[in-house]
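Read the structure below first, then the notes.
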Amino acid sequence: MSNGGVNFDVPAGRLDGIISSSTEATASLPNPTSDIATLIANFGAKGFTAEELVILTGAHAIGKGHCSSFTDRLTAPSSEINANYRDNVLNKTCAAGASTTVANNIRDIDAATLGNLTSYVIPAVGGDYLDNSFYTNNKNNLVLFHSDWALVNNSATLKSVDEYAKNGTLWNIDFAQALVKLSKLAMPAGSVCQIRKKTCRAIN
Ligand code: HEM
């Protein structure tokens, strides 16, 4: 997924739950409309620093979002989002309905839809993959969620955004570390859990 850039050993022995609940996941994850104070508090409550918040959100260099996840961005002021991106990419695509999806990374949007925004695309050598392009996209106000943009609207987190925009190798290393830390988050008290024996994504 990262073309070999992000590379780490996955620690074995993690306790995994035996049921998967989207309601529970939504309840503990921050909302994409969150402001920076809420994001820092939410990650802080799980033992992550503001810098790690910036590092992990770089995962939005891949994947996609449903229009229903960023309706606030369709009318956000041009100080918070590139107006051409808002009007000619997001609003046009989302006119098809709330369940339509848009790629998180402008790189993964087709050139016809992007129009002259293609000049902002940071090509991934060898195809679409996880890299540090999220940070430059963010500085250009070309990111999907308000929670993404919030990272450039705070001097401390902006410093990290600048650092990772410049240094993709550092981001690869720091992202791998932060992701391993994320994978070690303790299960909520009282959870029924197990160490997977054969297939990681299926209960024993
Ligand atoms: C900072 C807090 C975060 C917020 C508010 C947030 C919010 C979201 C939302 C709303 C979506 C789109 C869901 C949809 O409409 O289908 C999304 C997609 C995604 N997020 Fe995040 N996210 C956050 C942090 C993270 C982190 C820490 C990671 C991984 C380390 C991550 C990885 C992804 C990926 C890979 C996708 C694309 C999923 C797909 O293509 O189906 N996000 N995120």
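The values are calculated or read from the model by the stated rules, or taken from the named source; none is laboratory data. Not measured: the values here are computed from a predicted model. Cβ: placed from backbone, ideal geometry, glycine included. Neighbour counts: every protein chain shown. Note: areas computed on protein heavy atoms with side chains; ligands, DNA, RNA excluded. Shrake-Rupley method; radii C 1.70, N 1.55, O 1.52, S 1.80 Å.
Does Thr100 fit the bill of being within 20 Å of Leu179 (Cβ to Cβ) and among the polar types (S, T, N, Q)? Walk me through how you get there before you give the answer.
Values: within 20 Å of Leu179 (Cβ to Cβ): no; among the polar types (S, T, N, Q): yes.
So Thr100 fails the test.
Apart from one condition, Gly97 fits all of (1) in a helix (DSSP H, G or I); (2) open to solvent by less than 60 Å² (accessible area, probe 1.4 Å); the exception is (1). Scanning the range 101-119 for residues that are farther than 20 Å from Gly58 by Cβ and in contact with a Ser or Thr (Cβ under 6 Å, 6 or more places away or on another chain) turns up just one, Ala111. A single member of Ala59, Ala50 is touching a Ser or Thr at 6+ places or on another chain (Cβ under 8 Å) and closer than 19 Å to Asp174 by Cβ, and it is Ala50.
Apart from one condition, Asn105 fits all of (1) buried (at least 18 other Cβ atoms within 10 Å of the Cβ); (2) within 8 Å of the ligand (Cβ to nearest atom); the exception is (2). Pairing residues of the range 81-96 that are among the β-branched types (Val, Ile, Thr) with residues that are open to solvent by 40 Å² or more (accessible area, probe 1.4 Å), at Cβ distances under 9 Å and at least 6 apart in sequence or on separate chains, gives Val89/Thr113; Thr93/Thr101; Thr93/Thr113.
Let's see how each residue does on (1) open to solvent by 40 Å² or more (accessible area, probe 1.4 Å); (2) of a type in the set (Val, Ile, Thr); (3) touching a residue at least 40 places away in the same chain (Cβ under 8 Å):
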position: Leu158; (1), (2), (3): yes, no, no
position: Leu170; (1), (2), (3): yes, no, no
position: Val180; (1), (2), (3): no, yes, yes
position: Ser183; (1), (2), (3): yes, no, yes
position: Pro188; (1), (2), (3): yes, no, no
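Among the residues of the range 123-176, those identified as outside any helix (DSSP H, G or I), of a type outside the set (A, V, I, L, M, F, W, C) and under 22 Å from Asn88 (Cα atoms) are Pro123, Asn140, Asn141. Across the range 22-51, the number of residues qualifying as at pLDDT 95 or above and closer than 18 Å to His146 by Cα comes to 15.
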